[in-house]
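Okay, structure first, notes after.
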Amino acid sequence: MNDVITWIIIAVFYAPLHYLLPVLFLFITGEEAESVRKQLIRAAIIDSTISMLIAFGVVILLVNKGMISIAMLILLLSMLYPFVRIIRQRKKLH
């Protein structure tokens, strides 16, 4: 798994899912004004970027130690962070 091409393929498939799910969630469940929704989308994109970068750093370390199953679990769990922030921000608005 140290092959750079393998990591690029993983990132190419993981990143769109990591970014699009929170944004879709905001569009589907959002009842806020457009300006508030734009702020929430911007925050979700920032949160997605931060959680993805941290997750990939941890995953690379775990894969180098041979803990592939835990690494994949970390990738899945890191996708929840933007949703937690969205829910907290919405509660703060109401």
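Of note:
- Mean sequence separation of contacting Cα pairs (under 8 Å, at least six apart), scaled by the length of the chain, corresponds to a relative contact order of 31 percent.
- Seen from Gln39, the other residues with C-beta closer than 14 Å to its C-beta sum to a net charge of +4, counting Lys and Arg as +1 and Asp and Glu as -1.
- Here Ile9 and Leu53 are evaluated by their C-beta separation; at R0 = 22 Å the FRET efficiency comes out at 0.80.
- Span-rule helices in the chain, defined as complete DSSP H runs reaching 30 Å or more along the axis (Cα) with Kyte mean at least -0.5: 4-29, 34-64
- Accessible-area value, Lys91, 1.4 Å probe, nucleic acids and ligands omitted, Å²: 150
- Rounded accessible area of Met67 (nearest 10 Å², 1.4 Å probe): 80
- Overall Cα dimensions of the chain, principal axis frame, Å, largest first: 46, 21, 17
- The gain in end-to-end length when the Val36 to His94 segment is fully stretched comes to 19.7 nm, 0.36 nm per residue minus the alpha carbon separation.
- Net charge dipole size for the chain [Lys, Arg +1 and Asp, Glu -1 on Cβ; Debye, nearest 20]: 340
- Comparing Ile45, Ile28, Ile60 in a Gaussian network model of the chain, where Cα atoms under 10 Å apart are tied by springs, the biggest mean-square fluctuation is seen for Ile28.
The values are calculated or read from the model by the stated rules, or taken from the named source; none is laboratory data. Just so you know, these numbers come straight off a predicted model, no measurement behind them. Reconstructed Cβ throughout: ideal geometry from the backbone, glycine too, with neighbour counts over all protein chains shown. Heads up: the accessible areas ignore ligands, DNA and RNA and are worked out on the full protein's heavy atoms, side chains in. Shrake-Rupley method; radii C 1.70, N 1.55, O 1.52, S 1.80 Å.
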